[in-house]
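Inspection log for the structure reproduced underneath, given as structure tokens.
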Amino acid sequence: MNALNVAKFGGTSVADYTAMSNCAAVIKGNLSTRLVVISACSGVTNLLVELANGVANDRQQEVLTKLHDIHFSILKQLPEAPAVASGVNAILDEVATLSAAAETSPSDKITDALVACGELMSTHIFTHLLNDKGINAVRADVRDVLKTDNVFGKATPDLIETAHHAETVLTPLFEDKVVVTQGFIGSDTQGNTTTLGRGGSDYSAALLAEAVKATSLEIWTDVPGIYSTDPRVAPAASPIDEISFSEASEMANFGAKILHPATLIPAMRQDIPVFVGSSKAPEQGGTWIRHQAEKSPLFRALALRCNQTMVTLTSLNMFHAYGFLAEVFNILAKHKVSVDLITTSEVSVSLTLDQTNTKGGAPKLPEAAEQELAALCKVTVEQDMCLVALIGNHMSESKGAAAKIFSALEDYNLRMICYGASNHNLCFLTSTSESKEVVRALHKELFED
Ligand code: ADP
Ligand code: ASP
Ligand code: MG
């Protein structure tokens, strides 16, 4: 089988001319790279989300100018290309029209159409840059390939349709071209633009790697690989050379921003090894994520996910009764509330709500769900919390592991501890204000000599 690599570059990697040029060098360095998936230029998606939430005209104009400047400051450093400039201008016009619509009646559908414009613009510019650097590159609109349902803000891909379109639209181009396409976005059966949730370009790249039957996937970002924890939170964090799919999935799931939570699912399905490295410093190497890693240490990494919402349901009727949890989950399912973690006692159950959609922020318990639950039990909703997860191997089977972990945490107030359900993780909630300190304390105890 011929090697076929998919390379994904995140927002900071395509932030400006210099960053984009580093990516071009990375692409030149691996001749098997045929498909390149990129994010919007750094900061652009946040500006578009702001417009999608509906802002007054003055602010709309200010944001439009910013968006224009980000993109044209890169184009200015490249040979003139009227088709590229008019492509970007047409998208900026679309942004203006959609933000006016969002000001009067914001919707998830408009949000997706708006936020997609970031990737649609960056791919125009990046393709031009690659051609200027001597790479025979062509831009493809991923909405012709990555087909999804119509859940705007958190769409689910249709794998069969995506594989079919990848084969007809993308594969023939690989013969003599490097194809540049958008991460994060797709389209539903009606042709409406959809998104996979914030940070979704990693997931897009993995889905496309699966669809084109790639033999490797590279995720190029602003850090040289996966570390024992976010190096921005704990500067003493150390890089991991090799990690298993299941450990890295747990990390991504529990909030390690380095990978979108769903990224490794397609890679695992097709057993595609994934490399994570820095586009600015590829010579520093990075992390390989594979089916099996040579080492499986007791403690592997720490992840932190903020903006958590905890719901506690208390009822004396729960005491020695049956059916209470079934009723609770029926109500949650009816209102499409996805539950992340759960702990129970005799008279109460605490759970956290799941959210990775494009609008971001702390997930909300829908009012109608809260009212229905309130008829059954007392409902308490708490926010301003973060989830800390310790990822490792066979922790719950190792004598003394818990003692070591909790002794590092004796000065902190922990809520909702989940331990033992999985061999790979232990997690708990802390207040947002203490969360980074908690990660540092635990990292010091478990990962620093
Ligand atoms: P991109 O725009 O390339 O997708 P992200 O900002 O989404 O990049 O992800 C990279 C960031 O992830 C890093 O800058 C780092 O702060 C953060 N991060 C979180 N956890 C980890 C970890 N365990 N190892 C490395 N980086 C991490
Ligand atoms: N541009 C999108 C975001 O900022 C997707 C991504 O970068 O992965 O969330
Ligand atoms: Mg990311």
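The values are calculated or read from the model by the stated rules, or taken from the named source; none is laboratory data. Everything numeric here is computed off the predicted structure, so don't read it as measured data. Don't worry about glycine lacking a Cβ; one is built from the backbone with ideal geometry, like all the others, and counts go over all protein chains shown. Heads up: the accessible areas ignore ligands, DNA and RNA and are worked out on the full protein's heavy atoms, side chains in. Shrake-Rupley method; radii C 1.70, N 1.55, O 1.52, S 1.80 Å.
A few points about this structure:
- Loop-located chymotrypsin sites (Phe, Trp or Tyr not before Pro) across the range 263-343 with a Cβ neighbour count of 12 or fewer within 10 Å are 319, 322, with loop assigned by DSSP.
- Protein heavy-atom surface of the range 75-226, 1.4 angstrom probe: 52% of the accessible area is carbon and sulfur, with nucleic acids and ligands not counted.
- Excluding same-chain neighbours fewer than eight residues apart, the lysines reachable from residue 66 by a Cα-Cα span under 16 Å are 76.
- Selected from 417, 22, 51, residue furthest toward positive end of dipole (the chain; charges at beta carbon): 22
- Nearest-0.05 FRET efficiency for residue 100 and residue 164, computed from C-beta distance (R0 41 Å): 0.65
- Taking the charge dipole of the chain about its Cα centre, with +1 at Lys and Arg Cβ atoms and -1 at Asp and Glu Cβ atoms, the residue from 178, 239, 302 reaching farthest to the positive side is 239.
- Label-point separation in nm, residue 291 to residue 339, each point 7 Å along Cα→Cβ: 3.5
- Working from Cα pairs under 8 Å separated by at least six residues, relative contact order for the range 250-297 is 24 percent.
- Placing a label point 7 Å from the Cα of residue 18 along the Cα-to-Cβ direction, the residues of the range 277-296 whose backbone N falls under 18 Å of that point are 278-284.
- Between the range 424-449 and the range 2-44, the Cα center-to-center distance that results, in Å: 33
- Label point distance in nm, residue 397-residue 381, each placed 7 Å from Cα along Cα→Cβ: 4.1
- Rounded percent of accessible protein surface that carbon and sulfur make up, the range 377-425, 1.4 Å probe: 46
- Counting only residues at least eight positions apart within a chain, or on another chain, the aspartates and glutamates with an alpha carbon under 13 Å from that of residue 8 are 119, 202, 218, 222.
- Over the chain, dividing the summed -39,500 (n - 2.57) contributions of all DSSP H runs of at least 4 residues by the number of residues returns a 222 nm mean residue ellipticity of -11500 deg cm²/dmol.
- All aspartates and glutamates inside 13 Å of residue 399 as judged from Cα atoms, apart from same-chain residues fewer than 8 positions distant: none
- Förster-model FRET efficiency, 35 Å R0, residue 213 and residue 133, C-beta, rounded to 0.05: 0.80
- Residue separation of residue 149 and residue 407 scaled by 0.36 nm, minus their Cα-Cα distance, works out to 88.2 nm of gained length.
- Cβ crowding within 10 Å averaged over residues, with 71-83, 343-355, 218-230 ranked highest first: 218-230, 343-355, 71-83
- Distances between every pair of Cα atoms in the chain, grouped in 10 Å steps from 0 to the bin holding the largest one, split as 4, 20, 28, 26, 16, 5, 1, 0 percent.
- For a 4.7 Å threshold on C-beta separation, the list of partnerless cysteines in the chain reads 23, 41, 117, 377, 418, 427.
- Each pair of Cα atoms in the range 77-178 enters the Kirkwood radius, and Stokes-Einstein at 25 °C and 0.890 mPa s then converts it into a translational diffusion coefficient of 158 µm²/s.
- Relative contact order [Cα under 8 Å, 6+ residues apart], the range 1-124, whole percent: 32
- Peptide packing: for 187-194, 424-431, 396-403, the average count of neighbouring Cβ atoms within 10 Å per residue gives the ranking 424-431, 187-194, 396-403, highest mean first.
- Considering the range 303-449 at the alpha-carbon level, its Rg and Dmax are found to be 16.6, 53 Å.
- Working from Cα pairs under 8 Å separated by at least six residues, relative contact order for the range 340-425 is 29 percent.
- Each residue of the range 413-427 is assigned a 3J(HN,Hα), and the resulting list reads 8, 9, 10, 6, 7, 10, 8, x, 5, 10, 6, 9, 8, 9, 9 Hz, derived from the Karplus form 6.51 cos²θ - 1.76 cosθ + 1.60 (θ = phi - 60°), x at Gly and Pro.
- The residues of the chain expose, per residue, 44 Å² of accessible area to a 1.4 Å probe.
- Kyte-Doolittle mean at least -1.0 and Cα axial length at least 18 Å: DSSP H helices in the chain: 57-75, 82-104, 108-132, 432-447
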